[in-house]
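Trainee: I have a structure I would like to understand better, so I am pasting it below and will then ask my questions one at a time.
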Amino acid sequence: MSTVIHNAFDAERLERTGIPVELSKRSADVSHNSQLGTATASNTMNQKHTVIIGGGFAGLAAAKRLANQASVRVTLIDRRNHHLFQPLLYQVAMAGLSPAEIAAPIRSILSGARNLNVICSEVKSLDADRGLVVTEDKKLSYDYLLMACGAKHGYFGNEHWEPFAPGLKTIEQATEIRRRVLDSFEIAEATDDPDERKKHLTFVIVGGGPTGVELAGAIGEMSRFTLAKDFRNIDPSAARVILVEAEPRILGMFDESLATKAMRFLEQLGVQIWTSSRVKNIDADGVELADEKIRAGTVLWAAGVKASSLGKRCGFECDRAGRVVVQNDLSVPTHPNVFVAGDQCAFIDPKTGKQLPGQAPVAAQQGRFVADTILNDVAQASRSEFIYVDKGQMATIGRSRAIAEVGKFRFAGFFAWLVWLVVHIFFLTGFRNRFFVVLSWVWSFFTFRRGARLIVSKNWRFYGTPEEKQVDPGQSS
């Protein structure tokens, strides 16, 4: 029955024919709803499905740009449920901030996007020829794909060093570094052996890039100010902090004058800088260089990165670091509907002839560009070339000093630190995060204290053998 009642005349006519009015109304409602459902399904069928792998700066920027666009539907896949503001991750590692202050749930960030679905899962494989992404739980077909899987720290073929020298890419690694650094002071306080005490009061950071410089400065400041009055048997300010760099100078991506100022700032915090020093081996006892062995209780790795292996596993052309080589529109040469952005992308800037660095501004610009390219494709508009707008670079050294390079302008010291602070607060996700980070920094600035000095063990079980208690339920044994 599909008769629709328009007015009282129709109702009277139906009564004369013996058809109950209420039955006809219900039939009309069913018919109307069916038509709406068909229209909705048709609209969904017409939308191009875009899959984004990775909820970092590139993936999130693309998802935000595609949000509520009628021509596309989006699926964002990430093995973690949160977006991490990595430029401030070192502050978690150095007990300046807690993890929740620099991370936010991806679902919460994108909750207003009606055309977007978030899947918390790991991508197991990708068939670019068939347009298929396989996760732990399901298979997803796509019209467009953005690979923004990021990178991890690399040991140049010496991955067996990782247990002795953790890198800094995730919250888990940051809290592990925090545990090791704080544990070293506790062990030094408890031991009566002067050699062991010296070892555990020695901290080695391998890598003189921005991350290494920030870690070294933070440890130097922590030992000389934050912890200075907290121990009875040791003098934390006597701790050795050594920054090891294989190249002739640190911060090679900055102008030499700024790198020199950064060295001076670090030395004022008691950091020793060893340049032209290549690491031969790292073990439980410390770091071995070409002509010297440094006994150290804590070794941190900030020397290299390695892109996600997904691109190589798909058969795409990759550089030595595993980054996927892309065209000038960030698409894979053999698959124009597959894009790569962020740390996983090997893109040569035509203006400089150099590869763009793995930095948050680069990733965010690339993510937005890919989203715009997809929308243009759907609208049957021509593609354009990606042009990176360089807004400068910064690195912070300790509590109130930084270096900054913006175009031809170079400045350092307290003013550069203020600029660094404002920029990072502006780009931090979420009002609540901004408020608490500012509050933590203000408190730390005036008191020299750090509010997240917690040593948290991964052993959470009360029962079981020591071996069983060490197994993380989220990992295979």
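The values are calculated or read from the model by the stated rules, or taken from the named source; none is laboratory data. Just so it is clear, the model here is predicted, and its values are computed rather than measured. Heads up, the Cβs are rebuilt from the backbone with ideal geometry, glycines too, and the neighbour counts pull from every protein chain shown.
Trainee: Quick check on my filter: what residues within segment 241-257 are aliphatic (A, V, I, L, M), at pLDDT 95 or above and touching a helix residue (DSSP H, G or I) at 6+ places or on another chain (Cβ under 9 Å)?
Mentor: VAL241, ILE242, LEU243, VAL244, ILE250, LEU251
Trainee: List the number of the failed condition for ALA321; all other conditions in (1) over 30 Å from TRP443 (Cα atoms); (2) among the hydrophobic types (A, V, I, L, M, F, W, C); (3) at pLDDT 95 or above hold.
Mentor: For ALA321, the exception is condition (3).
Trainee: Right, here's the next one. So is ALA218 over 26 Å from GLY154 (Cβ atoms) and either surrounded by fewer than 19 Cβ atoms within 10 Å (Cβ to Cβ) or of a type in the set (A, V, I, L, M, F, W, C) (or both) or not?
Mentor: For ALA218, the condition - over 26 Å from GLY154 (Cβ atoms) and either surrounded by fewer than 19 Cβ atoms within 10 Å (Cβ to Cβ) or of a type in the set (A, V, I, L, M, F, W, C) (or both) - is not met.
Yes/no per residue for (1) in contact with a Phe, Trp or Tyr (Cβ under 8 Å, 6 or more places away or on another chain); (2) touching a residue at least 40 places away in the same chain (Cβ under 8 Å); (3) at negative phi; (4) among the β-branched types (Val, Ile, Thr):
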{"site": "ILE234", "(1), (2), (3), (4)": "yes, yes, yes, yes"}
{"site": "VAL241", "(1), (2), (3), (4)": "yes, no, yes, yes"}
{"site": "PRO248", "(1), (2), (3), (4)": "no, no, yes, no"}
{"site": "GLY252", "(1), (2), (3), (4)": "no, yes, yes, no"}
{"site": "GLU256", "(1), (2), (3), (4)": "no, no, yes, no"}
{"site": "PHE265", "(1), (2), (3), (4)": "no, yes, yes, no"}
{"site": "VAL305", "(1), (2), (3), (4)": "no, yes, yes, yes"}
{"site": "SER308", "(1), (2), (3), (4)": "no, yes, yes, no"}
{"site": "GLU317", "(1), (2), (3), (4)": "no, no, yes, no"}
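Trainee: Considering only residues that are surrounded by fewer than 24 Cβ atoms within 10 Å (Cβ to Cβ) and either touching a residue at least 60 places away in the same chain (Cβ under 8 Å) or not in a strand (DSSP E or B) (or both), which ones fall in segment 62-76?
Mentor: LYS64, ARG65, ALA67, ASN68, GLN69, ALA70, SER71, VAL72, THR75
Trainee: Within segment 287-316, work out how many residues are part of a loop (DSSP other than H, G, I, E, B) and surrounded by 14 or more Cβ atoms within 10 Å (Cβ to Cβ).
Mentor: 8
Trainee: While we're on this one: Somewhere in segment 265-281, is a residue in contact with a Leu (Cβ under 9 Å, 6 or more places away or on another chain), at pLDDT 95 or above and part of a helix (DSSP H, G or I)?
Mentor: Yes, that holds for at least one residue.
Trainee: So is LEU89 in a loop (DSSP other than H, G, I, E, B), in contact (Cβ under 8 Å) with a residue 60 or more places away in the chain and touching a helix residue (DSSP H, G or I) at 6+ places or on another chain (Cβ under 6 Å) or not?
Mentor: It is false that LEU89 is in a loop (DSSP other than H, G, I, E, B), in contact (Cβ under 8 Å) with a residue 60 or more places away in the chain and touching a helix residue (DSSP H, G or I) at 6+ places or on another chain (Cβ under 6 Å).
Trainee: On to the next question. Only residues that are within 12 Å of ALA148 (Cβ to Cβ) and in contact with a helix residue (DSSP H, G or I) (Cβ under 9 Å, 6 or more places away or on another chain): list them for segment 324-346, please.
Mentor: The answer is VAL324, LEU330, PHE339, VAL340, ALA341, GLY342, ASP343, GLN344, CYS345.
Trainee: Quick one: which residue in SER98, SER31 is at pLDDT below 95 and either among the aliphatic types (A, V, I, L, M) or more than 27 Å from PRO210 (Cα to Cα) (or both)?
Mentor: After applying the criteria, what remains is SER31.
Trainee: Which of the residues that make up segment 183-209 are within 14 Å of ALA296 (Cα to Cα) and in a helix (DSSP H, G or I)?
Mentor: Residues satisfying the conditions are ASP183, SER184, PHE185, ILE187, ALA188, PRO194, ASP195, GLU196, ARG197, LYS198, LYS199, HIS200.
Trainee: Next up: Go through segment 104-151 and tell me which strands (runs of 3 or more DSSP E), entirely inside it, have 3 or more residues that are under 22 Å from the mean Cα position of the chain (by Cα).
Mentor: Numbers: elements: 116-120, 123-127, 132-135, 139-141, 144-147.
Filter on segment 104-151 gives 116-120, 123-127, 144-147.
Table: residues versus (1) of a type in the set (A, V, I, L, M); (2) touching a strand residue (DSSP E or B) at 6+ places or on another chain (Cβ under 8 Å); (3) not in a helix (DSSP H, G or I).
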site: LEU168; (1), (2), (3): yes, yes, yes
site: GLY212; (1), (2), (3): no, yes, no
site: GLY217; (1), (2), (3): no, yes, no
site: ALA228; (1), (2), (3): yes, no, yes
site: PHE254; (1), (2), (3): no, yes, yes
